[in-house]
1. Can you find a residue that is touching a Lys or Arg at 6+ places or on another chain (Cβ under 7 Å), closer than 18 Å to residue 214 by Cα, in a loop (DSSP other than H, G, I, E, B) and of a type outside the set (Lys, Arg) anywhere in the range 164-174?
2. Looking only at residues in the range 275-304 that are in contact with a Pro (Cβ under 8 Å, 6 or more places away or on another chain) and in a loop (DSSP other than H, G, I, E, B), which one is farthest from residue 199 (Cα to Cα)?
3. So which of 127, 92, 83, 110 is closer than 18 Å to residue 66 by Cβ, under 19 Å from the mean Cα position of the chain (by Cα) and charged (D, E, K, R)?
4. Of all the strands (runs of 3 or more DSSP E) wholly in the range 38-136, which have at least 1 residues that are buried (at least 23 other Cβ atoms within 10 Å of the Cβ) and small (Gly, Ala, Ser)?
5. Could you look through the range 226-241, keep only residues that are part of a loop (DSSP other than H, G, I, E, B) and touching a helix residue (DSSP H, G or I) at 6+ places or on another chain (Cβ under 9 Å), and pick out the one that is farthest from residue 168 (Cα to Cα)?
6. Looking only at the range 198-227, count how many residues are of a type in the set (Ser, Thr, Tyr) and crowded, with 23+ Cβ neighbours inside 10 Å.
7. What are the pairs with Cβ atoms under 6 angstrom where one residue, in the range 51-63, is farther than 10 Å from residue 27 by Cα and the other, located anywhere, is acidic (Asp, Glu) and modelled with pLDDT under 95? Sequence gap at least six, or different chains.
8. Cβ contacts < 8 Å: first residue part of a helix (DSSP H, G or I), restricted to the range 253-274; second residue among the aromatic types (Phe, Trp, Tyr), any location; separation 6+ or different chain. Result?
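The values are calculated or read from the model by the stated rules, or taken from the named source; none is laboratory data. Being a predicted model, the structure only gives us computed values, none of them experimental. Using ideal geometry, Cβ is built from the backbone for each residue, glycine included, and neighbour counts are taken over all protein chains shown.
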Amino acid sequence: MIVGSNLEKVINSGNFAVTGELGPPKSADIETLKHHAEEMRHYVDAYNITDNQTAIVRTSSIACGAVLVQMGLEPIIQITVRDRNRVCIQSDVLGASALGIKNVLCLSGDHQQFGNEPGAKGVYDIDSMQLIKGLKDMRDDGVFMGGEELEAPVSYYLGAVENPFADPFEYRVDRLEKKVNAGVSFIQTQCIFDLERFKKWMELVRERGLHKKVAILGGVTPIKSLGAARYMKNNVSGITIPDEVIDRIKGAEKKKEEGLKIAIETIEQLKEIEGVAGAHVMAIAWEEKVPEIVERAGLYPRPNV
């Protein structure tokens, strides 16, 4: 379904897509977010705006997305089931569409116990699969989750996330298939450091023909320091960092440059894997490096579609 999303056009044209990520602030001052968005202009096809990432209270993803639309940029807003029931979810998506937002990413959301309001009540009225199916039905069939018809059509490009590195590994492709069957058009993965495991996952994806049904964007995160690498390896659930990556950064004289090189090499390898449609660059607290990463990976200039 053509909804006018630039990301959709890039993917459908067969070009290797690039998305970036912006985290809203823990205040109403979004000048830094706007600054980073402007730095990435012409280097990414669309911008993820996280939705209270790690369950920490931040400026609304939809509000920040609306600001990007005003700047002439394309946001991908995130919608989590952690904080909303189905009434609020549908209302927010309609509101986002009315504001000119053309991409919606569906997630469960990090559990609230890990955030700055651990006593908050998790909503989880529906799960992420039901979220995808419900938003697809709103768009394609013109009906709310409860069955009532919308008064006017609504359109958006629908995406979700997947983690090829979580255990049990053999079930990861099953989850992807469920999301594809529920109606997603694109997938952004957890950040990739273990390329061999990612390649094995992609083999399973291709065996089921899922790469022909959904656009898969591999997640890439540049590592700023040895401490950051060790922290992610030991403390961040769902991320696998091989010892050789740790050793490579440890042995490098210029550790930040080495982290950038690893990210660029990862993108170059993703470009060669059958079924990978793009890269999702998550330069956490290092957003100013996204243009350099994209350019050095041979993905600049972006296609004009």
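1. yes
2. 286
3. 92
4. Answer list for the range 38-136: 46-49.
5. Only one residue fits best here, namely 241.
6. Qualifying residue count, the range 198-227: 1.
7. Correct list of pairs: 54/110; 55/110.
8. 262/193; 266/193
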